[in-house]
Protein chains: 2
Amino acid sequence: MTTPQLTKNQSLVFDVLEKADGPLSAYTILDKLRDHGFRAPLQVYRALEKLLEYGVVHRLESINSFVACAHPGDDCHSHGIVAFAICESCGQVMEFHDHEVDHRLMAWVRGQKFKPEKTTIEIRGLCEACAA
Amino acid sequence: MTTPQLTKNQSLVFDVLEKADGPLSAYTILDKLRDHGFRAPLQVYRALEKLLEYGVVHRLESINSFVACAHPGDDCHSHGIVAFAICESCGQVMEFHDHEVDHRLMAWVRGQKFKPEKTTIEIRGLCEACAA
DNA sequence: ATCAATTGCGTTATGCTATAACGTGTGCAA
DNA sequence: TTGCACACGTTATAGCATAACGCAATTGAT
Ligand SMILES: [Zn+2]
Ligand SMILES: [Zn+2]
Ligand SMILES: [Zn+2]
Ligand SMILES: [Zn+2]
């Protein structure tokens, strides 16, 4: 997916996520953009919907939050499944990709005649700094 | 984790999940148990909390729902990471375990000095019947 | 037996997450 | 011009989860 020119709202939401040092909830994003005219959750959710579609933002299902893609050069949609390690203490997220994991999971579901559309891999725990 | 005797509420919630043919939300469980005296969400969430702790129920983060463990004989907590294939059309869930995936993910996070606590792997898509 | 700690339970209220539904304006192509 | 697609704004509503309070039953020392 090639990323088209972002609209004003999409740019605002993306900038907030890029500048943040961790994942943000939609309502946190909303609060950060009130000074820029945002008034309602839908303004955030609609922008997020597009940013997710373009692959420049990821949704973290296990914490109902959103994060800017850590590999803006690559195309996360093309290099297979994305996995996240999420620190439950400081909120830091590490994003990574592993073709072997991808291959194993896809082989299994294909064996079940299951047609995969979207895969979530999220590891919650403690980052090095917080585990010390 | 060995499973102690379930309390009345825990048994009611577990029975509902076992008899269901797919994952259920907490509020759906609540509705199914109103005839048995359930009146508030907390009655469901408190039972679920224990059932999750005992490993007899899993939470599906990507759809905010809960499902009875498909491998009641095994101990899902001891045989590594659990993965789910969730049909977005009919709601059917397949649960499986793969040590190779487990090892790859754990090796990666250990390399990052990350201490994993809980891992979510959920593949949404279409089951064989619904993809036809 | 008694006391304290733990656990489960019921209830009310609240907070957080997400979408439905309606209307407006703008740009572009038929 | 007309029709369509798309972004946007607003209000209202739906869906998911927990805080805080009090009470009852259980357990496990002392
Ligand atoms: Zn990415
Ligand atoms: Zn941390
Ligand atoms: Zn299981
Ligand atoms: Zn299906």
- Message: more than 13 Å from every other protein chain (Cβ to nearest Cβ) and either surrounded by fewer than 19 Cβ atoms within 10 Å (Cβ to Cβ) or assigned to a loop (DSSP other than H, G, I, E, B) (or both): which single residue out of A:30, A:52, A:48 fits that description?
- Response: A:52
- residue A:117 being surrounded by fewer than 19 Cβ atoms within 10 Å (Cβ to Cβ), under 17 Å from residue B:124 (Cα atoms) and more than 14 Å from every other protein chain (Cβ to nearest Cβ): no
- Message: Out of everything in segment B:120-132 that is at the interface with another protein chain (Cβ under 7 Å from one of its Cβ atoms) and over 21 Å from residue A:59 (Cα atoms), what residue ends up being surrounded by the most Cβ atoms within 10 Å (Cβ to Cβ)?
- Response: B:127
- within 14 Å of chain B (Cβ to nearest Cβ), charged (D, E, K, R) and buried (at least 17 other Cβ atoms within 10 Å of the Cβ) - does that describe any residue in segment A:58-72? yes
- Query: For segment B:88-115, which residues satisfy the criterion of being within 30 Å of residue B:132 (Cα to Cα) and in contact with a Leu (Cβ under 6 Å, 6 or more places away or on another chain)?
  - Reply: B:89
- Matching residues in segment A:1-17 (surrounded by 15 or more Cβ atoms within 10 Å (Cβ to Cβ) and assigned to a helix (DSSP H, G or I)) number 8
- Query: residue B:21 fails exactly one of the following numbered conditions: (1) of a type in the set (D, E, K, R); (2) in a helix (DSSP H, G or I); (3) within 29 Å of residue A:59 (Cα to Cα). What is the number of that condition?
  - Reply: (2)
- Query: Going by the structure shown, is residue A:109 farther than 16 Å from residue A:62 by Cβ, at pLDDT 95 or above and β-branched (Val, Ile, Thr)?
  - Reply: yes
- Residue among B:89, B:62 that is within 16 Å of ligand 4 (Cβ to nearest atom), hydroxyl-bearing (Ser, Thr, Tyr) and either in a strand (DSSP E or B) or under 13 Å from the mean Cα position of the chain (by Cα) (or both): B:62
- Task: Would you point out the residue of segment A:32-64, among those that are among the small types (Gly, Ala, Ser) and without any contact (Cβ under 8 Å) to a residue 12 or more places away in the chain, that is farthest from residue B:121 (Cα to Cα)?
- Result: A:37
- Query: residue B:101: under 21 Å from residue B:10 (Cβ atoms) and crowded, with 20+ Cβ neighbours inside 10 Å, yes or no?
  - Reply: no
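The values are calculated or read from the model by the stated rules, or taken from the named source; none is laboratory data. Every value quoted in this text rests on a predicted model; they were computed, and no experiment measured them. Every residue, glycine among them, receives a Cβ derived from its backbone with ideal geometry; neighbour counts consider all protein chains shown.
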